[in-house]
Amino acid sequence: MNLEGKRILVGVTGSIAAYKTAILTRLLIKSGAEVQLVATASALDFITPLTLATLSKRPVFSTFFEKNSGQWHNHVELGLWADLFLVAPLSANTLAKFAQGGSDNLLTATYLSCRCPVMLAPAMDLDMYQHPSVRANLEKVASFGNIVLDAETGELASGLSGQGRMMEPEHILEQVIQFFNPKKDFLGKKVMITLGPTQEALDPVRFLSNHSSGKMGYALAKAFEAQGAEVYLVVGPVSLKLDENRFQIRRVTTASEMFEAAKALHAQMDLVVFAAAVADFRPENPVAQKIKKAGEELTLRLVPNVDLAFELGKIKRANQFHVGFALETEQEEVNAKAKLVRKNFDLVVLNSAVEAGVGFKHDTNQVRIFHKSGREVSSALLPKESIAALILEEVKNAAS
Ligand code: CTP
């Protein structure tokens, strides 16, 4: 009963995911919260007020007043009553109104009047979710301090597959519980995370690199910071928008730049996470001018790059903790365990490069964690935020 006594106003908007609000309501109630639902008219095309009212044990509010009784639903009071306003699912339309300050129904008016924190779980089709106007609106509401729960990836109601599904109710519940009971297990700790790919130039316009998006490393950064750590990011070229206010950021391009930046910080760190996909090789002789076609074969000679994890593993102190990743396509467990030893990691997180929904560019991941002590843990296919939470839990238990 982690939410005992908490008052949660749950907003529902017009999306097929509205049926999941019934499950979410049940989970919140089971965790001890009081839940008041407020729905837009189109949300009630997807889920009946009777279902939601029965599960929440309260009438569902959708209009400013009841036509028959004339009873007035005061949006200001609703906003003041709540400890948290959770809108799940949040449609593109209501998101746009939130971003613009529109107020044409009870839910949007409540959003404008509420003083409590707001948590948003968007749900829409994949192309809608990626549309620049939706991205801009999500960024805008995040800049108001609203907590945005990234949509998950999977099959969508349209039949397409991609990112846009509302975060699963169980995962939303985790976020709500973490919000009300923030753990500060890493208060005062300094954490360095390497993330993203590196790029190794062939000539001024071409490079060798890989598909790393930096998402897993950044999910870890957010999780450590939320738990009180001071987080340093040594980050290769990524398209993620990194929060300069929350993190100390060192931007690099090549493996050797990443190594120099990480080495300079290493001595001060309590914990290091090697989440970067460092290019193992670089062209031996990058040339100053663009390589021209000459109609014949081109042979590139590659030389090995420095292995950050291995080199910093050699100078790791007893009071420092190193976390590594292993991306394998075969003999996964054997290879991951070999990396644990060779690179002097305290734990290694194995993700498979061959399973669906796992690894590069995905928002979900499925991992196995191997500790130096022999402890092993496996996860389900989860959003990278939940994987980050699991890794933090494992680090905390091993390091304490
Ligand atoms: N790593 C690193 N520097 C490198 C290569 C890897 O710091 N030059 C780190 C990664 O960040 C990761 C771990 O080492 O934490 C393992 O990376 P991975 O690419 O799986 O292993 P490699 O050592 O590159 O081995 P291989 O490519 O042969 O599997």
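The values are calculated or read from the model by the stated rules, or taken from the named source; none is laboratory data. These numbers were taken from a predicted model, which means no experiment stands behind them. When we count neighbours, we look across all protein chains shown, and the Cβ atoms used for this are built from the backbone with ideal geometry, even at glycine. These accessible areas exclude ligands, DNA and RNA; they are computed on the full protein's heavy atoms, side chains included. Shrake-Rupley method; radii C 1.70, N 1.55, O 1.52, S 1.80 Å.
Considered as a group, the residues in the stretch 160-172 that are crowded, with 21+ Cβ neighbours inside 10 Å and not charged (D, E, K, R) include one that is farthest from Ala226 (Cα to Cα), and that residue is Gly164. Could you say whether any residue in the stretch 253-275 is open to solvent by less than 70 Å² (accessible area, probe 1.4 Å), more than 10 Å from the ligand (Cβ to nearest atom), in contact with a helix residue (DSSP H, G or I) (Cβ under 8 Å, 6 or more places away or on another chain) and among the polar types (S, T, N, Q)? No, there is no match, as no residue in the stretch 253-275 is open to solvent by less than 70 Å² (accessible area, probe 1.4 Å), more than 10 Å from the ligand (Cβ to nearest atom), in contact with a helix residue (DSSP H, G or I) (Cβ under 8 Å, 6 or more places away or on another chain) and among the polar types (S, T, N, Q).
Only a single item in (1) more than 10 Å from the ligand (Cβ to nearest atom); (2) at pLDDT 95 or above; (3) out of contact with any helix residue (DSSP H, G or I) (no Cβ under 9 Å at 6 or more places or on another chain); (4) under 30 Å from Ala223 (Cβ atoms) is not met by Glu332, and it is number (2).
If you check Gly188, Gly154 for being touching a residue at least 24 places away in the same chain (Cβ under 8 Å), more than 16 Å from the ligand (Cβ to nearest atom) and more than 30 Å from Ala92 (Cβ to Cβ), only one passes: Gly188. Being hydrophobic (A, V, I, L, M, F, W, C), assigned by TED's automatic domain parsing to the domain that holds Arg165 and open to solvent by less than 10 Å² (accessible area, probe 1.4 Å) narrows it down to one residue among Ala99, Ala92, Ala41; which is it? None of the other options fit; the residue is Ala99.
Hey, can you tell me all the residues within the stretch 126-162 that are in contact with a helix residue (DSSP H, G or I) (Cβ under 7 Å, 6 or more places away or on another chain), of a type outside the set (Gly, Ala, Ser) and assigned to a loop (DSSP other than H, G, I, E, B)? Across the stretch 126-162, the qualifying residues are Leu149, Leu156, Leu160. If you go through the stretch 199-241 and keep only what is among the hydrophobic types (A, V, I, L, M, F, W, C), at pLDDT below 95 and in contact with a Phe, Trp or Tyr (Cβ under 7 Å, 6 or more places away or on another chain), you end up with just Leu240. Checking Leu86, Leu120, Leu78, Leu107 one by one, the residue that is part of a helix (DSSP H, G or I), among the aliphatic types (A, V, I, L, M), open to solvent by less than 10 Å² (accessible area, probe 1.4 Å) and under 23 Å from Ala17 (Cβ atoms) is Leu107 and no other.
Residue by residue, here is whether (1) modelled with pLDDT under 85; (2) out of contact with any strand residue (DSSP E or B) (no Cβ under 7 Å at 6 or more places or on another chain) holds:
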{"position": "Leu138", "(1), (2)": "no, no"}
{"position": "Asn146", "(1), (2)": "no, no"}
{"position": "Glu152", "(1), (2)": "no, no"}
{"position": "Arg165", "(1), (2)": "no, no"}
{"position": "Glu168", "(1), (2)": "no, no"}
{"position": "Glu174", "(1), (2)": "no, yes"}
{"position": "Phe180", "(1), (2)": "no, yes"}
{"position": "Lys183", "(1), (2)": "yes, yes"}
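Apart from one condition, Val323 fits all of (1) open to solvent by 60 Å² or more (accessible area, probe 1.4 Å); (2) at pLDDT 95 or above; (3) within 16 Å of the ligand (Cβ to nearest atom); the exception is (1).
Restricting Ala336, Ala277 to those that are touching a His at 6+ places or on another chain (Cβ under 9 Å) and within 27 Å of Val238 (Cα to Cα) reduces the list to Ala277. Scanning the stretch 187-216 for residues that are in contact with a helix residue (DSSP H, G or I) (Cβ under 9 Å, 6 or more places away or on another chain) and open to solvent by less than 10 Å² (accessible area, probe 1.4 Å) yields a count of 8. Considering every residue within the stretch 53-70, establish whether at least one is more than 31 Å from the chain's Cα centre (by Cα), in a helix (DSSP H, G or I) and at pLDDT 85 or above. Yes, there is a match, as at least one residue in the stretch 53-70 is more than 31 Å from the chain's Cα centre (by Cα), in a helix (DSSP H, G or I) and at pLDDT 85 or above. Applying the set (1) in contact with an Asp or Glu (Cβ under 7 Å, 6 or more places away or on another chain); (2) more than 20 Å from Ala229 (Cβ to Cβ); (3) more than 12 Å from the ligand (Cβ to nearest atom); (4) not small (Gly, Ala, Ser) to Ile315 leaves exactly one unmet item: (1). Scanning the stretch 365-390 for residues that are farther than 20 Å from Met166 by Cβ, among the aliphatic types (A, V, I, L, M) and open to solvent by less than 10 Å² (accessible area, probe 1.4 Å) yields Val367, Ile369. Consider the stretch 276-312 and keep the residues that are loosely packed, with under 14 Cβ neighbours inside 10 Å and among the charged types (D, E, K, R). The one that is nearest to the ligand (Cβ to nearest atom) is Glu284. Do we find that Pro49 is open to solvent by 50 Å² or more (accessible area, probe 1.4 Å), at negative phi, modelled with pLDDT under 95 and in the same structural domain as Glu174 (by TED's automatic domain parsing) in this structure? Judged against the criteria, Pro49 is not a match. Condition test on Arg342, is it open to solvent by 20 Å² or more (accessible area, probe 1.4 Å), modelled with pLDDT of 95 or more, out of contact with any Leu (no Cβ under 7 Å at 6 or more places or on another chain) and away from the ligand (no atom under 14 Å from the Cβ)? So Arg342 does not fit the description; no.
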